[in-house]
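Chemist: Below: one structure in C-alpha cells.
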Amino acid sequence: MTKHFIVIGNPIAHSKSPEIHTQFAAQAGLEISYQRQYCPDDAASFTAVIEAFFQGGGVGANVTVPFKQVAYECCAARGGLSEHAKVAGAVNTLLLNNALLKNGTPIAEAIYGDNTDGQGLVNHMTSLDWPLKGARVAIIGAGGAARGVILPLIEAGISELTLANRTLNKATNLVNELSAASETIAKQQINICSTETLSGEFDIIINATSIGLSGDTLPLSDELHSHYAYDMMYGRELPFLQHFAKRGAQTSDGYGMLIGQAALSFKRWTGHAIDVVKVTDSL
Ligand code: ATR
C-alpha cells in the first residue's frame, strides 16, 4: 500500500524534498507518495494542515521555513519531542508517537517532532571524510541554523568550539540557552567572539548565517584559517566558500546536508537506511 508523506512550507514550490524522497523510496523498494504542501503563514493553519494529514492516514511530514518553530510548539503540546528537536528549538520531521497511539491517545494528540538537520550536516561531513573527531570547529552565526548543529557536532566528538556572530550578545544568549537545555553542551567549553575578530587556525569552519541569501559578504579576518569550510546554504556561488577555497581549504555547500537530513527522516519513518552517496550523485 502506498505510504503518504508531505513537506510543509511557505513558499514550497522550490522544495527538492519530493524528488529526494522519491529516489530514496526507489532505492528502498517502497511505494510512496511525497507531495509539496503549501500552508498559510500562521500557527492555526499549520496545526489544521498537519492534523488533517495525519488523521487522513499520512505517515510522515517534513517541515521547512517558516514553520520549524511552530512545529516545535505544536509537538511540545502533543506527542512530544526528540532530544535534538528540544535542543534545536525547532522540528523538521513529524511522525506519530506509536506508544501514545497504543494507549488510545487520539491521532491529533500523538504528533511527535524530531530534528534531523544537525545530524544531516554531521553525516554529510563524515561521508566527505572530514575529520570531526578531535576537530577545532568555528561556527559563524547564532540563529536557528547554528542552534540546530551545535549538539550533533559535540556528539560527533569535536574538541573545541568557537561561536562567532555579528551581534555578540546573540551568540552569548544562544550558548547560555543551549547549556541550560543540554548537559552535553554544558560540559563543552564554547568560545564566543564577534565575526570580525574571529581568528586563528581551525580544522573546520561553518557558515551558519543567512548571508548567502543577501549578497553581502562576511567581514573575515586575514588571520583566520581553516582546512575545511562548509556553507549551510546551497544552490548559488557562495563567497564564503570562495574565500576559503582560495586559501587552500576543501569546501562544501549544504546540498549534501539537505540529502543527509532527508535520509534520516526517511529512516525514522520507514526503517530503511539510505546510501546517500548514490543519491547525491544522481540528483
Ligand atoms: P537562521 O534560522 O537561518 O539561522 P536567523 O535566525 O535569522 O536565521 O539568523 C541569521 C544569522 O545570520 C544570524 O546569526 C545573523 O547575525 P545577527 O545575529 O547579528 O543578526 C546572521 N546574519 C544575517 N545577515 C548577516 C550579515 N549581513 N552579516 C553578518 N551576519 C549576518
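Chemist: R136: accessible area at probe 1.4 Å, nearest 10 Å²?
Modeler: Using a 1.4 Å probe on the heavy atoms, I get roughly 70 Å².
Chemist: Name the residue, out of D253, D216, D41, whose mean-square fluctuation peaks in a Gaussian network model built on the chain with Cα pairs under 10 Å.
Modeler: D216
Chemist: Can you tell me the orientation of helix 17-28 relative to the chain, as the angle in degrees between its alpha-carbon axis and the longest Cα principal axis, to the nearest 10?
Modeler: On a 0 to 90 degree scale, this one is about 70.
Chemist: Mind running the shape call on the stretch 1-131? Use the C-alpha gyration tensor, a ≥ b ≥ c as the square roots of the eigenvalues: rounded below 1.5 for a/c, prolate if a/b tops b/c, oblate otherwise.
Modeler: Note, shape of the stretch 1-131 comes out rounded.
Chemist: List the relative contact order of the chain as a percent without decimals, with contacts defined as Cα pairs under 8 Å and 6+ residues apart.
Modeler: 16 percent
Chemist: Taking every DSSP beta bridge that has both residues in the chain, what percent is antiparallel when rounded to the nearest 5?
Modeler: Details: 7 of 43 bridges.
Rounded to the nearest five, the antiparallel share is 15 percent.
Chemist: Checking the a/c ratio against 1.5 first, then a/b against b/c, what shape does the Cα gyration tensor give for the chain?
Modeler: The shape class here is prolate.
Chemist: So, with +1 on the Cβ of K and R and -1 on the Cβ of D and E, and no other charges, what is the size of the charge dipole of the stretch 31-82 about its Cα centre, to the nearest 20 debye? If you can, show how the numbers build up before the last one.
Modeler: Values: 3 positive and 5 negative charges, 19 e Å.
Taking the Cα centre of the stretch 31-82 as origin, the dipole is about 100 debye.
Chemist: Also, quick follow-up: Using just the helices of the chain, give the 222 nm mean residue ellipticity in deg cm²/dmol: DSSP H runs with n ≥ 4 each add -39,500 (n - 2.57), and the total is spread over all residues, rounded to 500.
Modeler: It comes out at -12000 deg cm²/dmol, rounded to the nearest 500.
Chemist: Sticking with this one: Counting DSSP beta bridges in the stretch 63-220, what percent are antiparallel, to the nearest 5?
Modeler: 20 percent
Chemist: Now, a different point. Please find, in a Gaussian network model of the chain (springs between Cα atoms separated by less than 10 Å), the residue of K68, K86, K187 whose mean-square fluctuation is greatest.
Modeler: Checking each option, the largest mean-square fluctuation is seen for K187.
Chemist: Any idea what angle helix 117-127 forms with the longest principal axis of the chain, computed on alpha-carbon atoms, 0 to 90 degrees, nearest 10?
Modeler: With both axes taken from Cα atoms, the answer is about 60 degrees.
Chemist: How much solvent-accessible surface does E19 expose, in Å² to the nearest 10, with a 1.4 Å probe and all protein chains in place?
Modeler: Estimated to the nearest 10 Å², E19 gives 90 Å².
Chemist: Beyond a 32 Å Cα-Cα separation, which of these cross-linked pairs lie in this structure: K3/K102; K187/K267; K3/K133; K133/K246; K3/K170?
Modeler: Listed pairs above 32 Å: K3/K133; K3/K170.
Chemist: Now for a different question. Using a 1.4 Å probe and counting only protein heavy atoms, arrange Y112, Y34 so the residue with the most accessible area comes first.
Modeler: Ranked list, largest accessible area first: Y112, Y34.
Chemist: Classify the stretch 108-203 from the C-alpha gyration tensor, please: rounded if a/c falls under 1.5, else prolate or oblate depending on whether a/b exceeds b/c.
Modeler: Cα axes put the stretch 108-203 in the oblate bin.
Chemist: Next question, about the same structure. Give the percent of DSSP beta bridges with both residues in the stretch 1-70 that are antiparallel, rounded to the nearest 5.
Modeler: 0 percent
Chemist: Specify the angular offset, from 0 to 90 degrees and rounded to the nearest 10, of the alpha carbon long axis of helix 255-270 from the longest principal axis of the alpha carbons in the chain.
Modeler: Computed tilt is about 30 degrees.
Chemist: List the residues, sorted by chain then number, that are 5 or more residues from Y234 or on another chain and whose placed amide H is less than 5 Å from its amide H.
Modeler: G254
Chemist: With a 1.4 Å probe and all protein chains left in place, how much accessible area per residue does the chain have, in Å²?
Modeler: Spelled out: the 1.4 Å probe surface of the chain, per residue, equals 45 Å².
Chemist: Pop out the ³J(HN,Hα) list for the stretch 207-218 in order, Karplus 6.51 cos²θ - 1.76 cosθ + 1.60 with θ = phi - 60°, rounded to Hz; leave Gly and Pro as x.
Modeler: Each residue of the stretch 207-218 in turn: 8, 10, 8, 9, 5, x, 7, 9, x, 6, 10, 7 Hz.
The values are calculated or read from the model by the stated rules, or taken from the named source; none is laboratory data. Please read these numbers as outputs of a predicted model, since none were measured by experiment. Quick reminder, even Gly has a Cβ in these numbers, built from the backbone with ideal geometry, and neighbours come from all protein chains shown. Ligands, DNA and RNA are excluded from the accessible area calculation, which covers all protein heavy atoms including side chains. Shrake-Rupley method; radii C 1.70, N 1.55, O 1.52, S 1.80 Å.
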